Every structure is written in structure tokens, then in C-alpha cells.
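Q: My structure is below; once you've seen it, I'll send some questions.
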Amino acid sequence: MITVGLIGCGNIGRIIASGQKNFKITAVYDIIPGIVEEFAREFGAKPFSDFVAFLSEPTDIIVEAASIAAATEHAQEVLQAGKDMIIMSVGALANDEFRLHLVETARMLKRKIHIPSGAVMGLDNIRIGQISRVDKFVLRTTKSPESLSREAIGRTRLFSGKAHDCVLLYPKNTNVAESLSIACDRDVDVELWMDPNEDRNVHEIFFEGEFGEAYIRIRNIPSPGNPATSYLAALSILTLLKNLDNPLVIGA
Ligand SMILES: NC(=O)c1ccc[n+]([C@@H]2O[C@H](COP(=O)([O-])OP(=O)(O)OC[C@H]3O[C@@H](n4cnc5c(N)ncnc54)[C@H](O)[C@@H]3O)[C@@H](O)[C@H]2O)c1
């Protein structure tokens with residue numbers, strides 16, 4: 001049984017805790033003390049409001065499902081404590097200096113940083129961009145005003161530019177862009193649209209290169225607990241956890 005320390009007792013944290021099978025969440029940490037106590041009681045874990053104490057618990061892996069701030073603040077400490085980590089708030093890795101330093105720390109300490117596929121599909125073979133020519137790589141994301149916490153107006157383009165610039169303006173909406181950028185080892189072109197006629201979180205990927213061309217379209221159902229988060233993202237981290245101890249590795 002894999003033991004998990006969870007940072008973030010929100011929407012994704014709850015879905016992970018509800019799907020425990022080959023892993024057990026034994027320690028939980030959140031900045032909101034009331035939430036962490038209630039969550040710990042409900043799922044039989046130990047609650048922590050002190051991060052150092054949380055990290056000292058004997059867990060196999062730490063899952064961050066909290067915020068870019070949490071990933072930025074704690075990822076180094078987690079690796080330094082000799083633990084592997086799963087990062088859900090991938091936007092934190094858009095900062096080149098931070099990401100390179102983190103990866104170097106993991107390399108030195110022989111630790112792994114896992115990034116779940118999250119709210120997107122196709123990350124497996126998009127990695128060919130690391131070794132072969134790419135001519136076009138565009139992510140077009142379309143969300144409802146509710147998902148973006150904005151006033152409804154007609155279909156509007158909110159952003160067009162590079163993923164690393166998008167993260168500065170729309171930090172909660174750049175996880176997919178950053179995951180694609182890391183997979184392909186380049187700063188992907190991003191368009192972010194708001195559409196009052198769309199009730200799902202839609203990601204369209206246009207990928208062309210030496211291999212041929214691909215078009216991937218994902219229409220995600222928003223999570224019941226947080227419309228900004230696609231339910232697929234929570235399913236994705238659950239699947240990653242399920243496969244951690246599986247000797248047969250597929251799609252990697
Ligand atoms: N990789 C992807 O494709 C993908 C997809 C969807 C969401 N996400 C990211 O996953 C994260 C969690 O999403 P969610 O829907 O569960 O959010 P949520 O807001 O429902 O829950 C987040 C929880 O983390 C806690 N938290 C926030 N900052 C913290 C900190 N610094 N230290 C400790 N706890 C902290 C909050 O109090 C809250 O309980 C978000 O950052 C979101 O952007 C990633």
C-alpha cells in the first residue's frame with residue numbers, strides 16, 4: 001500500500017480521497033485549518049497545519065493539489081525530504097529558473113516529480129517534440145464565463161501569445177498550456193477564449209511536424225466542486241496513483 005501525503009483538501013483532494021484503492025492518504029495539509037481537520041476526520045488521515053510536521057510523517061509520496069503558490073513554496077522542501085512528488089498546479093513550473101532548479105534537485109537526490117496528464121489528452125506522444133521537428137503547436141482553450149469567474153459577454157478572445165506569458169495573466173487557466181510546453185520542450189502558442197454558449201472546458205490542440213499532423217479536441221465536464229477544474233484532471237491524478245506500483249508502463 002502506497003502512503004500519500006496530500007497538500008490541498010479542496011475539490012481535487014476530495015476526489016482523490018474518495019478513490020483510494022492501492023494507496024492510502026495518511027497525512028493532509030491545507031492553509032485553512034478548519035478544512036484540514038474536517039477532511040482528515042472524514043477520510044481517516046492525520047491533519048497538519050504545520051508543513052514541517054506534515055513532511056516528517058512517514059509517507060511514500062507527496063501530492064500537491066492546492067495552488068501554484070503551494071507548489072512554488074513547498075516543492076523543493078518535499079524533494080529535500082527525500083520524497084517523490086506529484087504536482088497538479090503545473091503553472092508553477094512555467095518559471096524556467098524554478099523548474100530547472102527543481103529538476104536538478106530531483107536528479108541529485110534521485111527523486112521523481114510526476115506531472116499528471118491533467119485536463120488534457122495526448123501528452124504521451126506530444127513528447128516527440130523533444131526529439132523531432134515541430135512546425136506548429138497551438139493550444140486553443142475555450143471556457144464559460146462561470147469557469148473563468150467573469151461577467152458574460154459574447155465569445156471573446158482573452159489572450160493570444162506564449163504559454164509562459166499566459167500564466168502571468170491567467171494563472172488558474174494555464175496548467176494545460178504548461179503541461180504541453182514541458183512535454184514538447186517548447187513554449188506553446190496559446191489562445192484563451194471565453195464563450196457564454198459553452199458550458200464545458202474545451203481544449204483544442206493543433207500539432208504539426210516531421211511526424212505528420214494531429215488535431216485533438218477535449219470537451220471537459222467541470223468538476224462538481226470547482227467549475228474552473230475539469231473533472232478529467234482529478235481522474236487523471238487518480239489513474240497516475242493507481243499505476244505508481246504497476247510494473248507495466250503504458251503511454252509513457
Ligand atoms: N494539471 C491540470 O491540468 C489541472 C487541472 C485542474 C486543476 N489544476 C490545479 O489543481 C489545483 C487544485 O485544484 P482544485 O480544483 O482542487 O482547487 P480547490 O480550490 O478546490 O482546492 C484547493 C485547496 O488547496 C488549499 N490551498 C491553496 N493554497 C494552499 C497553500 N499555499 N498551502 C496549502 N493549501 C493550500 C485551499 O485552501 C483548498 O482547500 C489548482 O492549482 C488547479 O489550478 C490542475
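The values are calculated or read from the model by the stated rules, or taken from the named source; none is laboratory data. Here the structure is a predicted model, which is why all the values come from computation and not from measurement. Glycine gets a Cβ as well: all are built from the backbone with ideal geometry, and neighbour counts include every protein chain shown. In case anyone asks, the SASA skips ligands and DNA or RNA and just uses the protein heavy atoms, side chains included. Shrake-Rupley method; radii C 1.70, N 1.55, O 1.52, S 1.80 Å.
Q: Picking from Ser49, Ser230, Ser67, which is most flexible by a Gaussian network model of the chain using Cα springs under 10 Å?
A: Per the Cα network of the chain with a 10 Å cutoff, Ser49 tops the list.
Q: To the nearest whole percent, what portion of all C-alpha pairs in the stretch 123-220 is separated by more than 24 angstrom?
A: 21 percent
Q: Suppose we keep just the DSSP beta bridges with both residues in the stretch 140-194; what percent of those would be antiparallel, to 5?
A: In the stretch 140-194, DSSP labels about 60 percent of beta bridges as antiparallel.
Q: Scan the stretch 140-217 for GluC sites (Glu not before Pro) in coil per DSSP, keeping those whose Cβ has at most 11 other Cβ atoms within 10 Å, and list them by number.
A: For GluC sites (Glu not before Pro) across the stretch 140-217 that sit outside H, G, I, E and B with at most 11 neighbouring Cβ atoms in 10 Å, the list reads Glu151, Glu210.
Q: Which whole-number percentage describes the relative contact order of the chain, with Cα contacts under 8 Å and a sequence gap of 6 or more?
A: 19 percent
Q: Viscosity 1.002 mPa s, temperature 20 °C: Stokes-Einstein D of the stretch 166-233 from its Kirkwood Cα radius, in µm² per second?
A: My calculation gives 160 µm²/s for D.
Q: Given a cut-off of 25 Å, name the pairs among Lys110/Lys136; Lys21/Lys46; Lys110/Lys162; Lys112/Lys136; Lys83/Lys136 whose C-alpha atoms lie farther apart than that in the structure shown.
A: Check vs 25 Å cut-off fails for Lys110/Lys136; Lys110/Lys162; Lys112/Lys136; Lys83/Lys136.
Q: Show me the ranking of peptides 88-96, 51-59, 167-175 by mean Cβ neighbours inside 10 Å, starting with the highest.
A: Descending mean neighbour count gives 88-96, 167-175, 51-59.
Q: Can you list the residues, at least 5 places off or on another chain, whose amide H is less than 5 Å from the amide H of Ser89, using H built in the peptide plane?
A: Ala66
Q: Over the stretch 1-82, what is the relative contact order in whole percent, taking alpha-carbon pairs under 8 Å and six or more residues apart?
A: Taking the mean separation of contacting Cα pairs over the length of the stretch 1-82, I get 36 percent.
Q: Calculate the radius of gyration of the Cα atoms of the chain to one decimal place, then report Dmax, the largest Cα-Cα distance, as a whole number, both in Å.
A: 18.1, 53
Q: How long is the stretch 28-83 along each principal axis, judged by its Cα atoms, biggest number first, in Å?
A: 29, 24, 16 Å, listed from the longest principal axis down.
Q: A further question on this structure: Using a Förster distance of 30 Å, how high is the FRET efficiency between Leu158 and Asp96, based on the Cβ-Cβ distance and rounded to 0.05?
A: According to the calculation, E is roughly 0.80.
Q: Now, a different point. How large is the dipole of the stretch 133-246 about the Cα centre if only Lys and Arg carry +1 and Asp and Glu carry -1, each at its Cβ, rounded to the nearest 20 debye?
A: 240 debye
Q: Taking the solvent-accessible surface of protein heavy atoms with a 1.4 Å probe, what is the per residue accessible area of the stretch 99-252 in Å²?
A: 55 Å²
Q: Quick one: with all protein chains in place, what share of the accessible area of the stretch 123-220 is carbon or sulfur, to the nearest percent (1.4 Å probe)?
A: C and S fraction of accessible area: 43 percent.
Q: DSSP beta bridges in the chain, what fraction antiparallel, as a percent rounded to 5?
A: Around 50 percent of the beta bridges assigned by DSSP in the chain are antiparallel ones.
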